[in-house]
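Structure record follows, encoded as structure tokens.
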Amino acid sequence: MAPLLLYATCAVGAVGLYLILRPGAKSIRMAGVLIGLAAAIALGLGLLKTAAGTITPFDSTTAPTGSDGPSTLFTGLFCLIAVASAVRMITHRRPVYVALYFVLVVVSSAGLFLLLQAEFMAFALVIVYAGAILITYLFVLMLAQQAESEDDLRALAEYDRVPREPATAVVVGLIMVAVLSDALFGLGADGQPRPGGPRGQVLAAEASAAEWRLLDQIPRSRDAAVRALVPDYREVVLTDNRAITVRGGTAFVTIVDGEGVTRDVALPPSAAPTNTEQVGLALVAEFPVSLELAGVILTMAMFGAVVLARRQAELGEDQRREAAGLRRLTVDGPDGADRSDGSDGWGDESALLDDSRSTRRPRG
Amino acid sequence: MISSAATSAFALPTSLLASAGAAGGLPGSIPGGIALVLLLSAALFAIGLIGFLVRRNMILMFLCTELMFQAAALAMVAFGRLHMDVSGQVFVIFILTVAAAEAALALGLVVLLYRRRETLNAEAWSELRE
């Protein structure tokens, strides 16, 4: 029953989107906005319902499944901003505003990344996407648009104002959302998750253990953390190239300290590798080939852009006359010999007038 | 007072969906609290798809494909968070790379096409003849 209700809410949202899209009176578009907003909020709230009972949407401390998931209020807020900006993006008449609303989508997406504990990706998204790719789009948009006045809406290009087959597109989008949400939420006929669907709840304690073990692959950071605690330590005891053990949520390093005593030192939580370090380590340690390939792709794109933007080279006068089969203006003949007696290798110019120019060969 | 009124206003659709939900409901099948983000990813992808089909300006069509890239990146990071694996974020870096390369080349092509016909209308090229 629940998937059907999900599809029904999506259908209501799709109807709202269609009402916004079609070129009609402003009141129809406003009605579409309200319907779409209601569907989005109902969808979000229905999703937040757990089996244990309803949760209040203003309680930011209760995660949907009781684990330490991202804060519900902020997640919902960012999701709403993202969807609203995306809808405004596909319905706006002016292309530059479309690009600006996409910047808003990217920023709310970066906020969601922050909530999902991916700080590096949040910053990288804002810098690369909003800061580079979208600026390029804005430049090209401003380059390729005819100038239009502020008030005369009819001066806007017709291909920006009138959408192309909005009904079909909305139906296709609705089917896409239905299929994707069915695949994501994976409920079978009996309402239980299908095998092979997303599962695997990872507890926070396990996760931090995996993060601590990454520190073994950055031995300098590990040794620096140990040195901060025990300045005169002699060496770190390694078993199977690993020095860090995690017991009860705290990481311990076995060291031989200044007096020659082998003991365990507890590392403070601040010594754990940050998200940026984890991403960097994974890039270099687990995906080096992909990293190199990404560089190759970027180089290819650069070459492609240069080739596409190449203009016809301005030929000098000599090359142009040569291409036309005329005598060069300089005294050097076609074979490069210096002919200071005035004769060149091309014959005389009176043969210009006959049509067999293509059969001319250097004579003399 | 306002929050309680708003809460009671939200209670009706929530209870409606709750009563019709199966045991465990929709978010119960996805742990880690990422259900909302995954639904957002699906919605953004569909909106990008609709925008691509509806728009006639060539540059804006490519902008809607960038929206679809964004949705895919969201889904990857969400699943990376679910499994506490940083590989999701690493792959988002590669997605960003491909998106940047594709944007550069696509915009170059669009500018060349614009020079030919003096219009950004995609339907100006619907017939493949001079």
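Couple of notes before you dig in:
- Residue identified as open to solvent by less than 30 Å² (accessible area, probe 1.4 Å), more than 30 Å from A:Gly24 (Cα to Cα) and at pLDDT 85 or above among A:Ile133, A:Ile127: A:Ile133
- Residue check, A:Ser290 within 30 Å of B:Ile93 (Cα to Cα), open to solvent by less than 50 Å² (accessible area, probe 1.4 Å), among the hydroxyl-bearing types (Ser, Thr, Tyr) and within 41 Å of the chain's Cα centre (by Cα): yes
- Restricting the range B:47-101 to residues that are closer than 25 Å to A:Gly36 by Cβ and polar (S, T, N, Q), the residue that is surrounded by the fewest Cβ atoms within 10 Å (Cβ to Cβ): B:Thr65
- Here B:Ala106, B:Ala122, B:Ala71 are screened, and the one residue that is more than 17 Å from A:Glu119 (Cα to Cα), touching a Gly at 6+ places or on another chain (Cβ under 8 Å) and in contact (Cβ under 8 Å) with a residue 24 or more places away in the chain is B:Ala71.
- Residues being under 16 Å from A:Asp264 (Cβ atoms) and not in a strand (DSSP E or B) - total across the range A:229-245: 7
- The number of residues in the range A:156-186 being open to solvent by 50 Å² or more (accessible area, probe 1.4 Å) and at pLDDT below 70 comes to 1.
- Pair list, Cβ under 7 Å, 6 or more apart: the range A:305-320 residue assigned to a helix (DSSP H, G or I), other residue at pLDDT 75 or above and open to solvent by 70 Å² or more (accessible area, probe 1.4 Å): A:Leu308/B:Leu109
- Take the conditions (1) under 17 Å from the mean Cα position of the chain (by Cα); (2) closer than 19 Å to A:Ala86 by Cβ; (3) at the interface with chain A (Cβ under 7 Å from one of its Cβ atoms); B:Met68 misses just one of them, which is (3).
- Sub-8 Å Cβ pairs linking a first residue in the range A:254-272 that is touching a residue at least 12 places away in the same chain (Cβ under 8 Å) and in a helix (DSSP H, G or I) to a second residue that is small (Gly, Ala, Ser) and open to solvent by less than 40 Å² (accessible area, probe 1.4 Å), at least 6 apart or interchain, are A:Ala271/A:Ala225; A:Ala271/A:Ala251, ordered by first then second residue.
- Within the range A:1-27, the set of residues being open to solvent by less than 60 Å² (accessible area, probe 1.4 Å) and either closer than 15 Å to A:Ser181 by Cα or among the β-branched types (Val, Ile, Thr) (or both) comprises A:Ala2, A:Pro3, A:Leu5, A:Leu6, A:Ala8, A:Thr9, A:Cys10, A:Ala11, A:Gly13, A:Ala14, A:Ile20.
- Members of the range B:100-130 that are within 20 Å of A:Val162 (Cα to Cα) and acidic (Asp, Glu): B:Glu118, B:Glu123
The values are calculated or read from the model by the stated rules, or taken from the named source; none is laboratory data. As the structure is a prediction and not an experimental result, all values here were calculated from the model. Counting neighbours? That spans all protein chains shown, and the Cβs are built from the backbone with ideal geometry, glycine included. Each accessible area value is taken on the protein alone, full model and side chains, heavy atoms only, with ligands, DNA and RNA left out. Shrake-Rupley method; radii C 1.70, N 1.55, O 1.52, S 1.80 Å.
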